[in-house]
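Visitor: Before anything else, here's the structure in question.
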Amino acid sequence: MTDCCPRCAHESVGTLYSSPVPGVWDVVQCARCLYTWRTSEPDRRTRRAAYPQAFRLTVEDLANAAEVPAVPPLRTDGLQERTGQASGQTSGPAAAEADRPR
């Protein structure tokens, strides 16, 4: 198990998920900065000493970080059906027909 977060050095990290094959990998998340990584990733993603200096965070960085906007609710107005995205079609006659007002 990881002893601290590679990004912010916080010591409280927990396992979110383990591989279906026991012992192959775990998905771990930091309790402070929410950085998440798989234990099978290279050292530059899993160990503090190898984590790139430019991407490391301090307690001050986290305290001064801009708030991340919330994800808006999923649209339910049928947009996918009108644009052909639901069927994977994004262009051509069928997509043009789907865009035509009814």
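Visitor: In square angstrom, rounded to the nearest 10, how much accessible surface does residue 68 have for a 1.4 Å probe?
Guide: Approximately 120 Å² for this residue.
Visitor: Related question: Using a 1.4 Å probe on the protein heavy atoms only, what accessible surface does residue 77 show? Give it in Å² to the nearest 10.
Guide: We get 80 Å² for residue 77.
Visitor: Using a 1.4 angstrom probe with every protein chain in place, what is the largest-first accessible-area order of 11, 60?
Guide: Descending order: 11, 60.
Visitor: Sorted by accessible area with a 1.4 angstrom probe, largest first, how do 56, 38, 44 fall?
Guide: Largest accessible area first, the residues go 44, 38, 56.
Visitor: Using a 7 Å offset from the Cα along the Cα-to-Cβ direction at both residue 27 and residue 53, what is the distance between the two label points in nm, to one decimal?
Guide: So the two model labels end up 3.3 nm from each other.
The values are calculated or read from the model by the stated rules, or taken from the named source; none is laboratory data. Computed from a predicted model, the values in this text were never measured in an experiment. With ideal geometry, Cβ positions are generated from the backbone for all residues, glycine too; neighbour counts draw on all protein chains shown. Ligands, DNA and RNA are excluded from the accessible area calculation, which covers all protein heavy atoms including side chains. Shrake-Rupley method; radii C 1.70, N 1.55, O 1.52, S 1.80 Å.
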